[in-house]
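Participant: Sending over a structure as structure tokens; questions will come in a sec.
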Amino acid sequence: VSTKTFVDDIFSTFLYKGNDSSITVNNSLDLSTEGGLVWVKNRTTSYGNFLFDTERGTTTALSSNLTNANFSEPKGVTSFNSNGFTIGGSGADLAFNSSSHDYASWTFRKAPGFLDIIEWSGNGSNRLINHNLGSVPGMVAVKCTSHNENWQIWHKSFGYTHSFAFNRDAPADSGASNTWNSTDPTATQISVGSSVVNASGKDYVAYVFAGGESTAATARSVDF
């Protein structure tokens, strides 16, 4: 028997106050079994955005506003739970749990038609990378996790001729067609070029978000 999936089952915005100690965020999302992405931001200061996901593991962070490769945040997300996640430990950390500071968290659970997270090691050749989103993506965000490099963002509104970065003001990278091997993603694969997002000896993670329009005659989705 098929079941319906509601947004509450796969996404949560959760606000919390820092307490200089461990914080358990109960947002009813099963990250320990299903997997997903947690994004944390200090709302009191201009401090950065920190991303943790179940593929790279606990305390391993990326920042949307930095070019940094994977870096360790011992007081970041320390566990992915069946009903949310746990932040930090004893002692203040401005990024995650300082007393008197306000924080926002966004949790995206892995689910078909919503989000998939994939990793690969570059081989320096044009190639196809499989994903399990089960639908055409609306946005793909790729980050080199082994070296300091810009994020590369494919978006359905611009296609393979453009590649954007969270941490850049420039509208597009030159030679962006090669970033995506002059091919837009499909419901099963993303295409990557030989260098920018698939360089030999480098490792990558991609957040594959749904949002592409269905061309099926029976599609019942709407586009805003």
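The values are calculated or read from the model by the stated rules, or taken from the named source; none is laboratory data. Predicted, not measured: the structure shown is a model, and the values here were computed from it. Note that we place each Cβ from the backbone using ideal geometry, even for glycine, and neighbour counts take in every protein chain shown. With ligands, DNA and RNA removed, areas are computed over all heavy atoms of the protein, side chains included. Shrake-Rupley method; radii C 1.70, N 1.55, O 1.52, S 1.80 Å.
Participant: When a/c reaches 1.5 or more, the comparison of a/b and b/c decides; with that in mind, is segment 1-44 rounded, prolate or oblate per its Cα gyration tensor?
Facilitator: Values: a/c = 2.93, a/b = 2.26, b/c = 1.29.
Verdict is prolate for segment 1-44.
Participant: How much FRET efficiency would the formula 1/(1 + (r/R0)^6) give for residue 161 and residue 119, where r is the Cβ-Cβ distance and R0 is 30 Å, rounded to 0.05? Kindly include the intermediate steps, with their values, before the conclusion.
Facilitator: Values: r = 26 Å, r/R0 = 0.86.
It comes out at approximately 0.70.
Participant: I would also like to ask the following. Could you tell me which of the pairs 41/143; 4/143; 110/202; 4/75; 75/202 are separated by over 30 angstrom between their Cα atoms in the structure shown?
Facilitator: Values: 41/143 19 Å; 4/143 32 Å; 110/202 24 Å; 4/75 36 Å; 75/202 27 Å.
Going by Cα-Cα distance, 4/143; 4/75 fall outside the 30 Å limit.
Participant: Tell me the carbon and sulfur percent of the accessible area for segment 92-143, rounded to whole percent, probe radius 1.4 Å.
Facilitator: Values: 900 of 1920 Å².
Summing carbon and sulfur atoms, their accessible area is 47 percent of the total for segment 92-143.
Participant: Given a 1.4 Å probe and the protein chains all in place, what does the accessible area of residue 45 round to, in Å² to the nearest 10?
Facilitator: 50
Participant: Which value in nm describes the separation of the simple spin-label points at residue 189 and residue 83, placed 7 Å from the Cα toward the beta carbon?
Facilitator: Between residue 189 and residue 83, the simple spin-label model gives 4.3 nm.
Participant: Mind ranking 218, 107, 86 by accessible surface for me, highest first, 1.4 Å probe? Mind dumping the intermediate values first?
Facilitator: Numbers: 218 115, 107 0, 86 20 Å².
From most accessible down to least: 218, 86, 107.
Participant: Which entry is the computed Cα extents along the principal axes in Å for this structure: (1) 81, 40, 23; (2) 48, 46, 28; (3) 67, 44, 39?
Facilitator: Answer label, from the structure shown: (2).
Participant: Here is a follow-up. Determine the shape class of segment 50-95: with a ≥ b ≥ c the square roots of the Cα gyration tensor eigenvalues, call it rounded for a/c under 1.5, and otherwise prolate if a/b is greater than b/c, oblate otherwise. Write out the running numbers ahead of the final one.
Facilitator: On the way: a/c = 2.12, a/b = 1.22, b/c = 1.74.
Oblate, because a/c is 1.5 or more while a/b does not exceed b/c.
Participant: What FRET efficiency do you get for residue 147 and residue 4 if R0 is 30 Å and r is their Cβ-Cβ distance, rounded to the nearest 0.05?
Facilitator: Approximately 0.10, to the nearest 0.05.
Participant: Hey, for a label at residue 100 modelled as a point 7 Å past Cα toward Cβ, could you say which residues of segment 24-59 have their backbone N under 14 Å away?
Facilitator: 44-45
Participant: What spacing in nm lies between the two simple spin-label points modelled at residue 200 and residue 43, each 7 Å away from Cα in the Cβ direction?
Facilitator: Each label point lies 7 Å from its Cα, and together they span 4.9 nm.
Participant: With every protein chain left in place and a probe of 1.4 Å, what is the accessible surface of residue 7, to the nearest 10 Å²?
Facilitator: 90
Participant: Only Lys, Arg, Asp and Glu count, each charged at its Cβ (+1, +1, -1, -1), so figure out the dipole size of the chain about its Cα centre, rounded to 20 debye.
Facilitator: Values: 14 positive and 19 negative charges, 14 e Å.
Result for the chain is approximately 60 debye, rounded to the nearest 20.
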